[in-house]
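All remarks here apply to the structure that follows.
The values are calculated or read from the model by the stated rules, or taken from the named source; none is laboratory data. All figures in this text were calculated on a predicted structure; none of them were measured in a lab. Backbone-built Cβ (ideal geometry, glycine too); neighbour counts: all protein chains shown. SASA here: full protein model, heavy atoms, side chains in, ligands and nucleic acids out. Shrake-Rupley method; radii C 1.70, N 1.55, O 1.52, S 1.80 Å.
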Amino acid sequence: MTDMPTPKVLLSEDEWRAKLNDLEYKVLREAGTEAPFVGEYTDTTTEGVYSCRACGAELFRSDEKFASHCGWPSFFAPLAEDTVRYLRDTTIPGRPRTEVRCASCDSHLGHVFEGEGYETPTDLRYCINSVCLTLEPKA
């Protein structure tokens, strides 16, 4: 997993604040985390495409979503590798993680974890905040 090029959507922080509500801004722009088990898409099984709530870039498909019972929507792969970027996250001492960001606008989405024992094709769990996503149901 490597960093992706510079984001395509560049807004000032004032523009982001005007576009997003308080929770969306806290999570997407300040790398916060929404409370577990309360997000709109935590248990959703609707078929469709999940996009970045900040910029609308398509990120994940329902085909890659699975029930991890962790409190947040989980996916085993992004729509395409160039739709997300990865950053090393050392904010929790002794527990380095890999942060997942939207490649189009550099908004925080969540984290990706490897080797947790989930039976998925990639052995990865993209743990994504619901507030970072919008779902376009399959027609």
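Please work out if Ala67 is small (Gly, Ala, Ser), open to solvent by 60 Å² or more (accessible area, probe 1.4 Å), within 21 Å of Glu136 (Cα to Cα) and out of contact with any helix residue (DSSP H, G or I) (no Cβ under 7 Å at 6 or more places or on another chain). Against the criterion (small (Gly, Ala, Ser), open to solvent by 60 Å² or more (accessible area, probe 1.4 Å), within 21 Å of Glu136 (Cα to Cα) and out of contact with any helix residue (DSSP H, G or I) (no Cβ under 7 Å at 6 or more places or on another chain)), Ala67 qualifies.
Taken residue by residue, region 11-22 has at least one member that is at pLDDT below 95 and assigned to a loop (DSSP other than H, G, I, E, B). Taken as a whole, the condition of being part of a strand (DSSP E or B) and charged (D, E, K, R) applies to Arg88.
Being within 20 Å of Arg29 (Cβ to Cβ) and either of a type in the set (S, T, N, Q) or open to solvent by less than 70 Å² (accessible area, probe 1.4 Å) (or both) narrows it down to one of Arg88, Arg97, so name that one. Walk me through it before giving the result.
Details: Arg88 fails: either of a type in the set (S, T, N, Q) or open to solvent by less than 70 Å² (accessible area, probe 1.4 Å) (or both).
Criteria check complete, one pass: Arg97.
Hey, any hits in region 27-38 for a residue that's open to solvent by 70 Å² or more (accessible area, probe 1.4 Å) and closer than 18 Å to Pro137 by Cα? There is no residue in region 27-38 that is open to solvent by 70 Å² or more (accessible area, probe 1.4 Å) and closer than 18 Å to Pro137 by Cα.
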